[in-house]
Amino acid sequence: MAEILIINGSARLNGDTQKFINKITEGIAFDQLNLLEHFLAPYNYESVYPSEDQFNFFAKEILYHKHIVLATPVYWYAMSSRMKTFFDRLTDWVTFNKEVGHSLKTKTVKLMAVGTDGELPDGFITPFSMTANYLQMHFDGYQYFNVSIEPNAEEMHTIRESFFSFTKV
């Protein structure tokens, strides 16, 4: 099992986000979960979910990995709705399943975003960095890919080395 887990929040399995995941991970050992392939019910205050809800599956996977990369397309200047649902459900880990919530403290999290604008919208990384801070995880930065700018092999190599050099916490 790899130390790195990538959670892909795209609504397309083979869209631009996956294309850049493939490029940046060349030669890197990692595991990947696609939110599109799992049913996550919206958060509710009673923590009562249908039997087909798969959120606890993510807890088990995250516990096995040291570094978490959250990959999301930029939809309407924000993270995808699937990623937002995932974020909302983190509340379960700090209110009802505190054992999982406490275990996140040893994790490093990074953000990979893919969009069409020249740069990320103002405040885009805030939910990622603040959530990591709240969960006492180490937010170790982000990488933004504009779909209309294709990094060449040398540029991608430099991006890959920088992105996957996790800061020791």
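The values are calculated or read from the model by the stated rules, or taken from the named source; none is laboratory data. Fair warning: this is a prediction, and the values are worked out from it, not measured in the lab. Every residue, glycine among them, receives a Cβ derived from its backbone with ideal geometry; neighbour counts consider all protein chains shown. Heavy atoms of the whole protein, side chains included, go into the accessibility calculation; ligands, DNA and RNA do not. Shrake-Rupley method; radii C 1.70, N 1.55, O 1.52, S 1.80 Å.
Of the numbered criteria (1) out of contact with any Phe, Trp or Tyr (no Cβ under 9 Å at 6 or more places or on another chain); (2) of a type outside the set (F, W, Y); (3) without any contact (Cβ under 8 Å) to a residue 24 or more places away in the chain, the one D53 fails is (1).
Can you pull out the residues in segment 30-42 that are open to solvent by less than 70 Å² (accessible area, probe 1.4 Å) and within 30 Å of F163 (Cβ to Cβ)? F30, D31, Q32, L33, N34, L35, L36, H38, L40 - these are the residues of segment 30-42 that are open to solvent by less than 70 Å² (accessible area, probe 1.4 Å) and within 30 Å of F163 (Cβ to Cβ).
For (1) part of a helix (DSSP H, G or I); (2) over 24 Å from S165 (Cβ atoms); (3) at pLDDT 95 or above, each residue gets a yes or a no:
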{"residue": "I6", "(1), (2), (3)": "no, no, yes"}
{"residue": "Q18", "(1), (2), (3)": "yes, no, yes"}
{"residue": "E46", "(1), (2), (3)": "no, yes, no"}
{"residue": "K60", "(1), (2), (3)": "yes, yes, no"}
{"residue": "T72", "(1), (2), (3)": "no, no, yes"}
{"residue": "R82", "(1), (2), (3)": "yes, yes, yes"}
{"residue": "L104", "(1), (2), (3)": "yes, no, no"}
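From the list T116, T131, T95, the lone residue that is under 23 Å from D53 (Cβ atoms), open to solvent by 10 Å² or more (accessible area, probe 1.4 Å) and touching a Ser or Thr at 6+ places or on another chain (Cβ under 8 Å) is T95. Scanning segment 34-88 for residues that are of a type in the set (S, T, N, Q) and more than 15 Å from the chain's Cα centre (by Cα) yields N44, S47, S51, Q54, N56.
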